[in-house]
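These notes concern the structure reproduced below.
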Amino acid sequence: MNTNTRLSIGIAAAFVVVAGILLTVNATRDDTSSGTTAAAQTDRHERLVRPDSHKLDVAADGKATFVEFLDFECESCRAAFPVVEDLRKEYAGKVTFVVRYFPLPGHFNGERAARAVEAAAAQGKFEQMYQKMYETQAEWGEQQVPADARFRDFAKSLGLDLAAWDKAYADPATLERIKRDVADGEALGVTGTPTFYLNGAKLEPKSVEDLKASLNAALK
């Protein structure tokens, strides 16, 4: 199976699951009407990418910024994960990829997973834990029992200082950090995951080719 076919299948699977959980990813554009104030535009962009937002990759020219609001327990996010990873490789150095937390209320361990990733980020292991969550989602997702011990095992496998990780995992400040991402998402109109933005515009991709077309247009 060639790369394009695999990517297309992956993103198609993501949107099948999305439809199954009543996720709507509506295409929007920055509101540039005369009635929109410069302050409102600034607020929108600040909500998309905060100074402390996690960036998987950074493009020096800043021409294209791809933001994903995600939930580590979300099956459609898991299906989109390899697609995004391949896009990161293809557009390395050209596109800034940003991750925002948006754990859904219906996912028992979604918020816990976000706390585990944020606790790992405090030790410089955001990306490693981010990937670990999707690689193991089938082991702990869609369950109604706490996955705290499993997540701690992930931290151990990554060689983290467990005492420091435990402290960060339980720290109210970690949860507040996640809630700020959620608040930004809600203010932007995010209602489900994954929700993608490119240079401030919400995307509605139906295939990997749609995503590539949007990225290529932004880079022109």
Apply the Karplus parameterisation 6.51 cos²θ - 1.76 cosθ + 1.60, with θ equal to phi minus 60°, to every residue of region 86-95 and state each ³J(HN,Hα) to the nearest whole Hz, in sequence, with x for glycine and proline. 5, 5, 4, 5, 5, 10, 4, x, 10, 10
Using the Karplus curve 6.51 cos²θ - 1.76 cosθ + 1.60 with θ = phi - 60°, what ³J(HN,Hα) values do you get for each residue of region 211-220, in whole Hz, with x for Gly and Pro? 5, 5, 5, 5, 5, 5, 5, 5, 8, 5
Report the FRET efficiency, 1/(1 + (r/R0)^6), for ALA92 and LYS167, where r is their Cβ-Cβ distance and R0 is 35 Å, rounded to 0.05. 0.55
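Ordered by packing density, taken as the mean number of other Cβ atoms within 10 Å over each peptide's residues, highest first, how do 107-120, 190-203 rank? Working shown, then result.
Values: 107-120: 23.6, 190-203: 20.4.
Packing order, densest peptide first, comes out as 107-120, 190-203.
Note down the relative contact order for region 45-219 as a percent, whole number, built from C-alpha pairs under 8 angstrom at least six residues apart.
Working: 240 pairs, mean separation 55.5, N = 175.
So the answer I get is 32 percent.
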Could you tell me whether region 42-89 comes out rounded, prolate or oblate from its Cα gyration tensor? Rule is a ≥ b ≥ c as square roots of the eigenvalues, rounded for a/c under 1.5, then prolate if a/b exceeds b/c, otherwise oblate. oblate
In Å, the Kirkwood hydrodynamic radius of region 79-189 over pairs of distinct alpha carbons? 14.8 Å
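Throughout, read-outs are computed from the coordinates displayed, never taken from laboratory work. The shown structure was predicted, so the numbers you read here are calculated from the model rather than taken from an experiment. With ideal geometry, Cβ positions are generated from the backbone for all residues, glycine too; neighbour counts draw on all protein chains shown.
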